[in-house]
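Undergrad: I'd like to ask you about the structure that follows.
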Amino acid sequence: MNSIYVDHAATTPTDPRVLEAMRPFFTFHFGNPSSTHRVGTTAREAIEKARSQIASLINAAPEEVYFTSGGTEADNLALKGYALATCAKGRHIIVSSIEHHAVLHSAETLRKLGFEVSILPVDGLGRVDPQDVNRALRKNTILISVMHANNEVGTVQDVAEIGRIAKEAGVILHTDAVQTAGSIPVDVNGLGVDMLSLSAHKFYGPKGVGALYVRKGVKIIPLLDGGIQEHGLRAGTENVPAIIGMGVAAQLSQTEMVSRSTHISKLRDLLIEAILHLDLDITLNGHRYERLPCNVSVCLGKIRYQESLQALNSKSICASSGSACTSHALKPSHVLTAMGILPEKAMSVLRFTFGKDNTETEVERIVEELRNIMKFASMPFQHASIVKEDSKLIQSEEKKIITVDAKGLYCPMPVLKTREMFDSMNIGDTLQVIADDPAAESDLQNWVRFTGQKVISVQRQGAEIRFSIEKVRVIS
Ligand code: PLP
């Protein structure tokens, strides 16, 4: 079965044309761009071309673009670099509650350093009310950071309106455009932003390279001490091949933006419409229209994302629960929580993010699997029978050993029923699941990995597996 990759908000594959452009800079043109000889100046010229390509993507001047190691560093540099450079003027910053952790954690660090931080709420669709920005402004506010579009639910913010408010108040505005740059039009002047973060691997460029746009005249201090690369704002020898790749990826995104986003948003709308017509307990997160072309974020009734992701994974569908950076956290996402979604519902979130190479047939397969997941999840437990209930004494405490027969059950049923059994068991009890779907073993192993439970033994006999798991206390 061909796998379906629908996790493009986490990362995109490097475009072969980008890779081709990068290749000579590993071998022939390997120079250090700070060297003054021919080999060095070739690398320097290529970097400056890439800088112009990024600048063109966001309607900036090339000298306003600084290369970083990615979106995370760009966000850190914007918040900490600007706040530390400007602290004599004021020590109050404003961020939204649904920012990426690169922004939220930077703000938290600044708070520990004595800055005051206001965190703006969002509505049920994940939108920041620009008037809340206005209300949060103080005399000593120096910086506002509101993301262009959210990576989990895809809602696009009215950054232009926030830009107008910031300008009127004379406060600097940063936006994290990691999910939008290369995907929808981003114009630093139209948005009225003073700083903007980008990341190459979100638009078919390589990983580990990004950029921060800093409007001319805005002063920030570097976070790294060292050489004077990037006009003294980012020390360290440049990652030349990656920067070249980012430039070419930016150029391709710019020329292909309309055709890509028309295709991708068609797939998004097909999936949304199909899901909403399934008439199952599936709800869409985020704004129906003001959203990224690629993003479909849904809550799946009471099915926890660990299980639905495993079920999809066993059918070779690679989706996610939201942010790739926090997908191993067993906590509801801060974004859904800020949107007022209750924890149990938030734990059922699934995110599909399409890319330029996905197809309508793939959307049909995803819908089919979602239908299966919902159908099997609602089947009563009688479909898997308890064949044995035993007990053992461990340190004079009685522990249960339960054997469940899940033979003949299509995956993810064995896992869903394992979870159901586990909910009623005590720490130290053991569950043995007997299954015969070929996907059962990897599904159960994945479930154990996600939930932190303990595998005692796995025995195989022909197509049958006996999977024993002990319930252990999980520290999240
Ligand atoms: N900001 C947003 C909105 C993101 O989605 C991401 C990555 O997922 C980042 C920042 C971090 O970017 P990078 O992976 O390049 O560090």
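Undergrad: Can you name the residue in region 182-204 that is within 11 Å of the ligand (Cβ to nearest atom), in contact with a strand residue (DSSP E or B) (Cβ under 8 Å, 6 or more places away or on another chain) and not hydroxyl-bearing (Ser, Thr, Tyr) and is also farthest from Met246 (Cα to Cα) among such residues?
TA: Per the stated criteria, the residue is Leu198.
Undergrad: Further, regarding this structure: List every residue pair whose Cβ atoms sit under 9 Å apart, with the two residues 6 or more apart in sequence or on different chains, where the first one lies in region 269-281 and is under 10 Å from Val367 (Cα atoms) and the second, anywhere, is loosely packed, with under 14 Cβ neighbours inside 10 Å.
TA: Taking only residues 6 or more apart or on different chains, the pairs are Leu270/Glu360; Leu270/Glu364; Ile272/Arg288; Ala274/Glu364.
Undergrad: Considering Ala78, Ala50, Ala43, which residue is within 15 Å of the ligand (Cβ to nearest atom) and among the small types (Gly, Ala, Ser)?
TA: Numbers: Ala50 fails: within 15 Å of the ligand (Cβ to nearest atom); Ala43 fails: within 15 Å of the ligand (Cβ to nearest atom).
None of the others qualify; the one that does is Ala78.
Undergrad: Then there is this: Would you please list the contacts, defined by Cβ atoms under 7 Å and residues six or more apart or on different chains, that run from a residue in region 59-73 that is near the ligand (Cβ under 9 Å from one of its atoms) to a residue that is of a type in the set (Gly, Ala, Ser) and part of a loop (DSSP other than H, G, I, E, B)?
TA: Ser69/Gly208; Gly70/Gly208
Undergrad: Output the number of the condition that Gln179 fails; it satisfies all remaining conditions of (1) away from the ligand (no atom under 15 Å from the Cβ); (2) closer than 20 Å to Gly286 by Cα; (3) of a type outside the set (Gly, Ala, Ser).
TA: Every condition holds for Gln179 apart from (1).
Undergrad: Within region 215-237, is even one residue surrounded by 24 or more Cβ atoms within 10 Å (Cβ to Cβ), polar (S, T, N, Q) and modelled with pLDDT of 95 or more?
TA: no
Undergrad: What strands (runs of 3 or more DSSP E) lie completely within region 317-413 and have 3 or more residues being among the β-branched types (Val, Ile, Thr) and modelled with pLDDT under 85?
TA: Here the list reads 385-394.
Undergrad: Name the single residue, out of those in region 81-104 being within 11 Å of the ligand (Cβ to nearest atom) and assigned to a helix (DSSP H, G or I), that is nearest to His148 (Cα to Cα).
TA: Here the residue is Val103.
Undergrad: Being touching a helix residue (DSSP H, G or I) at 6+ places or on another chain (Cβ under 6 Å) and closer than 29 Å to Gly182 by Cβ narrows it down to one of Ala74, Ala43, Ala78, so name that one.
TA: Only one candidate qualifies: Ala43.
Undergrad: To continue, here is another question. Out of His263, His231, His277, report the one residue that is more than 22 Å from the chain's Cα centre (by Cα) and outside the structural domain of Ala50 (by TED's automatic domain parsing).
TA: Working: His263 fails: more than 22 Å from the chain's Cα centre (by Cα); His231 fails: outside the structural domain of Ala50 (by TED's automatic domain parsing).
Only one candidate qualifies: His277.
Undergrad: Restricting attention to region 147-161, and to residues there that are surrounded by 24 or more Cβ atoms within 10 Å (Cβ to Cβ) and in a strand (DSSP E or B), which single residue is nearest to the ligand (Cβ to nearest atom)?
TA: Ala149
Undergrad: Right, another one. Out of all the residues in region 207-220, is one or more within 16 Å of the ligand (Cβ to nearest atom) and under 25 Å from Arg288 (Cα atoms)?
TA: no
Undergrad: Can you tell which of Ala60, Ala74 is in a loop (DSSP other than H, G, I, E, B), among the hydrophobic types (A, V, I, L, M, F, W, C), in contact with a strand residue (DSSP E or B) (Cβ under 6 Å, 6 or more places away or on another chain) and crowded, with 18+ Cβ neighbours inside 10 Å?
TA: Ala60
Undergrad: Sticking with this one: Could you grab me the full set of residues in region 427-454 that are farther than 21 Å from Ile317 by Cβ, in contact with a strand residue (DSSP E or B) (Cβ under 6 Å, 6 or more places away or on another chain) and not acidic (Asp, Glu)?
TA: Going through region 427-454, the residues farther than 21 Å from Ile317 by Cβ turn out to be 427-434, 436, 452-454.
Filter once more, so that each one left must be in contact with a strand residue (DSSP E or B) (Cβ under 6 Å, 6 or more places away or on another chain): 428-434, 436, 453-454.
Gly428, Thr430, Leu431, Gln432, Val433, Ile434, Gln453, Lys454, listed by residue number.
The values are calculated or read from the model by the stated rules, or taken from the named source; none is laboratory data. Quick caveat: nothing in here was measured; it's all calculated off a predicted structure. Cβ atoms come from the backbone with ideal geometry, glycine included; neighbour counts cover every protein chain shown.
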